[in-house]
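A.B. asks: Submitted below is the structure of interest, expressed as structure tokens.
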Ligand code: ASP
């Protein structure tokens, strides 16, 4: 008989373990609000629990991402897979960050959470938890987000709904796993290309700027003057920007060693610098393109790359490399 699977559940907080309805929802005791709902999973795997923190994910930090990654790295020999219990609001940021920290990951790391606390009769938490645990036993060695029947690549996932139990989307990329009556694998998972490496280091001096018609380019100048080292511009449509003032400010930023990255405000499609004159001018002024990366995937990649090197040229070279399937 084969030995049972071993999973590590890592608790960080989120609605699934909260109490307080009516009233503001707030984190409560793991042993009361989460553990009773995990017990039925023993037939699937031997489960151990690690309690990293118990926060609303709005309070997540890069230091906690690193602690989470270090705990996973330490457990890689002992466990077959990992389930990270996390608030839905910033889950896509954490999953993206972990995908860069855990390079050439050999085992599944599955983030999940709930739109309603596990203790509620109508909670989506139990189904998410069961399916996330199943995904953690499958041959999908990626950092993924399991929510509402789909496992999607973490750094290509974004929260799209406050209300729906189907709260996430992975624009332009098929799920890794689809849970129906049967389990389907619409997209092949990535495979480690070499030995596993735990990375560390994020630089938080980044900003996201959502453009609007007639936004003054001095908004970018002000960020640069304030010491920001990378700015993600959420531009219009195919990554287009105003011609007035913006190329000059982008050039000023890049000459100061600040990375200017152009993405799109649209959920579907990608920033294609050069398709219109505005984005061609931005590119010629030194801007980099975010392609079809999610905001979460692009921003955490910028934080990660800045944390690895101070060299603007190194950032430029690394930006174009596919570190963890984010491109
Ligand atoms: N505010 C909660 C959080 O992100 C939302 C949730 O978990 O669904 O922690």
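A.B. asks: Can you tell me which residue within region 88-106, out of those that are more than 12 Å from the chain's Cα centre (by Cα) and buried (at least 24 other Cβ atoms within 10 Å of the Cβ), is farthest from the ligand (Cβ to nearest atom)?
C.D. replies: Going through the qualifying residues, I end up with 105.
A.B. asks: Select from region 286-312 the residues that are assigned to a helix (DSSP H, G or I) and modelled with pLDDT under 95 and list them in ascending order.
C.D. replies: 312
A.B. asks: Suppose we filter 198, 223, 209 for residues that are surrounded by fewer than 16 Cβ atoms within 10 Å (Cβ to Cβ) and within 24 Å of residue 62 (Cβ to Cβ); which single one remains?
C.D. replies: Unique residue meeting the criteria: 198.
A.B. asks: Hey, another quick one. Is it the case that region 165-174 has a residue that's crowded, with 23+ Cβ neighbours inside 10 Å, free of Cβ contacts under 8 Å to residues at least 60 places away in the same chain, assigned to a strand (DSSP E or B) and more than 16 Å from the ligand (Cβ to nearest atom)?
C.D. replies: So far as region 165-174 goes, no, none of its residues is crowded, with 23+ Cβ neighbours inside 10 Å, free of Cβ contacts under 8 Å to residues at least 60 places away in the same chain, assigned to a strand (DSSP E or B) and more than 16 Å from the ligand (Cβ to nearest atom).
A.B. asks: From the list 280, 256, pick out the single residue that is out of contact with any helix residue (DSSP H, G or I) (no Cβ under 6 Å at 6 or more places or on another chain), surrounded by fewer than 23 Cβ atoms within 10 Å (Cβ to Cβ) and at pLDDT 95 or above.
C.D. replies: 280
A.B. asks: Quickly run through region 109-122 and pick out the residues that are within 13 Å of the ligand (Cβ to nearest atom) and assigned to a loop (DSSP other than H, G, I, E, B).
C.D. replies: Across region 109-122, the qualifying residues are 113, 114, 115, 116, 117, 118, 120.
A.B. asks: When you go through (1) surrounded by 17 or more Cβ atoms within 10 Å (Cβ to Cβ); (2) closer than 16 Å to residue 316 by Cβ; (3) modelled with pLDDT of 95 or more one by one for residue 273, which number turns out not to apply?
C.D. replies: Here residue 273 meets the rest and fails (3).
A.B. asks: Within region 6-27, restricting attention to residues that are more than 10 Å from the ligand (Cβ to nearest atom) and either under 21 Å from the mean Cα position of the chain (by Cα) or in contact (Cβ under 8 Å) with a residue 12 or more places away in the chain (or both), which residue is farthest from residue 94 (Cα to Cα)?
C.D. replies: 21
A.B. asks: Among the numbered conditions (1) touching a strand residue (DSSP E or B) at 6+ places or on another chain (Cβ under 8 Å); (2) more than 25 Å from residue 264 (Cβ to Cβ), tell me where residue 160 comes up short.
C.D. replies: (2)
A.B. asks: Hey, could you check region 150-161 for residues that are within 16 Å of the ligand (Cβ to nearest atom) and touching a residue at least 24 places away in the same chain (Cβ under 8 Å) and say which is farthest from the chain's Cα centre (by Cα)?
C.D. replies: Out of the qualifying residues, it is 160.
A.B. asks: Could you tell me whether residue 126 is part of a helix (DSSP H, G or I) and at pLDDT below 95?
C.D. replies: Answer is yes for this residue.
A.B. asks: Need the failing condition index for residue 134 against (1) part of a helix (DSSP H, G or I); (2) more than 13 Å from the ligand (Cβ to nearest atom); (3) touching a helix residue (DSSP H, G or I) at 6+ places or on another chain (Cβ under 7 Å), just the number.
C.D. replies: (3)
The values are calculated or read from the model by the stated rules, or taken from the named source; none is laboratory data. Small disclaimer: the values here were computed from a predicted structure and weren't measured. Virtual Cβ from ideal backbone geometry, glycine too; neighbours counted across all protein chains shown.
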